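Visitor: Once you've had a glance at the structure underneath, I'll fire off some questions.
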Amino acid sequence: MPAAGSPRADRGPILPGGTLGILGGGQLGSMFAAAAKRMGYRVEAISDVADCPAARVCDRVHVGAYDDPAFLAQVGRGLDVVTFEFENVPAAAGEALAQVTVVRPEPQVLHTTQDRAREKAFLVAHGFACAPHRVVRSRHELREAVAALGLPAVLKTAAFGYDGKGQAKLARPADVEPAWEALNAGADGPRTFVLEGWIDFDCEISVVAARGFDGEVAAFAPARNAHANHILDISSVPSGLPDSVLAAAADIASRLLAALGVVGVACVEFFLTKDGRVLVNEIAPRTHNSGHLTIEACETGQFEQQVRAVCGLPLGSTRQVGPAAMANLLGDCWENDPARAPRDPDWAAALAVPGVRLHLYGKREPRPGRKMGHLTALADSPAEAVARVTEARRRACRG
């Protein structure tokens, strides 16, 4: 919560008609803006590029550097509240905005969760189970960490890693030096890494949850996630996991949001081990790719919930209206052969699959691995929903 005396700390709910700020201009900001504008708010994005997905939806985009406090302060004075859509911005950006307006979640949440070393330390300090790990800042420390944790293991950059970027699997001793060299290539100075022990997991799940200004927490049902090339591929709910696992994941997510002091939406990603343990993998202090299906599948989608939480409104019901699945659409689905004419996916063929909805993000340049949109489907079972989005994507991408 904002400290006494902080900007607008004594204000009540920010009601429709107010102006909401979103730090970042990507697709999460675009979908947040769509939900907020439907509710009657004005939305302004803060981005370092003008041609961004949020520009299609927001009332205004302020273009400037995330490390320019004067720019951020000037923009922030016109906003009733600011939230995040992207955590890979300097934590100082949130601090600069917090000097002139309310920032939810508070900048300290961003500071903790955007760095794996700080995030792991927070988890350990608060008693949340996670993968065995060591913080690594030198070759010597890496060798010591490998000796302590054993192989296989995963070496990850502490900061600015997502969708498999900034990490390498160490399967055998011969992998250690090449991974160190590759992950340090191009660095301006010493980097901090986290070496994580290998988890022999049964599946990956995630819980998107919202926490209000009054401490109320509303969690969506845990989603089962499948990845391809380290990028989320398909999410589905219900997950089909035992009630004990679902309850544990929801409880951990709720306690984590409270421990962090989150006001807003966050996602907690978990490993479910083969012996039934639920381990925290990562925390994202924002809406999440695996929560996109809530737009169609739940009474209140994750983006409306984000609006409600940061504006101090009552949280909405997370009740699921039916089984659902989401499939990411990456730039690989577009025809990118320079020797041939550009070709868009076959959206008509995809939308011929019953129950399928299409969400495109408005990114101009499709690139392999780049998230360009997603498909969702409702069905009578999660297996059928997965089959529908898989078939729709196959048709769109022409097999």
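Visitor: Identify, by number, the condition in (1) surrounded by fewer than 20 Cβ atoms within 10 Å (Cβ to Cβ); (2) assigned by TED's automatic domain parsing to the domain that holds residue 290 that residue 108 doesn't meet.
Guide: (2)
Visitor: Would you mind telling me which numbered condition in (1) buried (at least 21 other Cβ atoms within 10 Å of the Cβ); (2) out of contact with any Asp or Glu (no Cβ under 9 Å at 6 or more places or on another chain) residue 247 fails?
Guide: Unmet condition: (1).
Visitor: Which fully enclosed strands (runs of 3 or more DSSP E) of region 306-399 have 3 or more residues being within 22 Å of residue 231 (Cβ to Cβ) and not hydrophobic (A, V, I, L, M, F, W, C)?
Guide: Qualifying strands (runs of 3 or more DSSP E): 371-378.
Visitor: Please list, ordered by first then second residue, the pairs with beta carbon atoms under 8 Å, 6 or more apart or interchain, first in region 200-218 and closer than 19 Å to residue 290 by Cα, second outside any strand (DSSP E or B) and of a type in the set (D, E, K, R).
Guide: 201/274; 202/274; 210/308
Visitor: Could you tell me whether any residue of region 174-197 is surrounded by 15 or more Cβ atoms within 10 Å (Cβ to Cβ) and in contact with a Gly (Cβ under 6 Å, 6 or more places away or on another chain)?
Guide: No; the residues of region 174-197 include none that is surrounded by 15 or more Cβ atoms within 10 Å (Cβ to Cβ) and in contact with a Gly (Cβ under 6 Å, 6 or more places away or on another chain).
Visitor: Give the residues of region 180-217 that are small (Gly, Ala, Ser) and modelled with pLDDT under 95, sorted by residue number.
Guide: 182, 185, 186, 187, 189
Visitor: Checking residue 83 against (1) surrounded by fewer than 18 Cβ atoms within 10 Å (Cβ to Cβ); (2) under 19 Å from the mean Cα position of the chain (by Cα); (3) among the hydroxyl-bearing types (Ser, Thr, Tyr), which single condition isn't satisfied?
Guide: (1)
Visitor: Now for a separate question. Among the listed residues 124, 135, identify the single one that is in a strand (DSSP E or B), among the β-branched types (Val, Ile, Thr), farther than 30 Å from residue 59 by Cβ and under 26 Å from the mean Cα position of the chain (by Cα).
Guide: Of 124, 135, the one residue that is in a strand (DSSP E or B), among the β-branched types (Val, Ile, Thr), farther than 30 Å from residue 59 by Cβ and under 26 Å from the mean Cα position of the chain (by Cα) is 135.
Visitor: Quick one: residue 80 ticks every box in (1) free of Cβ contacts under 8 Å to residues at least 40 places away in the same chain; (2) touching a strand residue (DSSP E or B) at 6+ places or on another chain (Cβ under 6 Å) except a single one, so which number is it?
Guide: Only one criterion in (1) free of Cβ contacts under 8 Å to residues at least 40 places away in the same chain; (2) touching a strand residue (DSSP E or B) at 6+ places or on another chain (Cβ under 6 Å) is unmet by residue 80, namely (1).
Visitor: Then there's this: Would you call residue 331 in contact (Cβ under 8 Å) with a residue 24 or more places away in the chain and farther than 30 Å from residue 196 by Cβ?
Guide: The answer is no for residue 331.
The values are calculated or read from the model by the stated rules, or taken from the named source; none is laboratory data. A quick note: this is a predicted structure, and the numbers were derived from the prediction, not measured. Note that we place each Cβ from the backbone using ideal geometry, even for glycine, and neighbour counts take in every protein chain shown.
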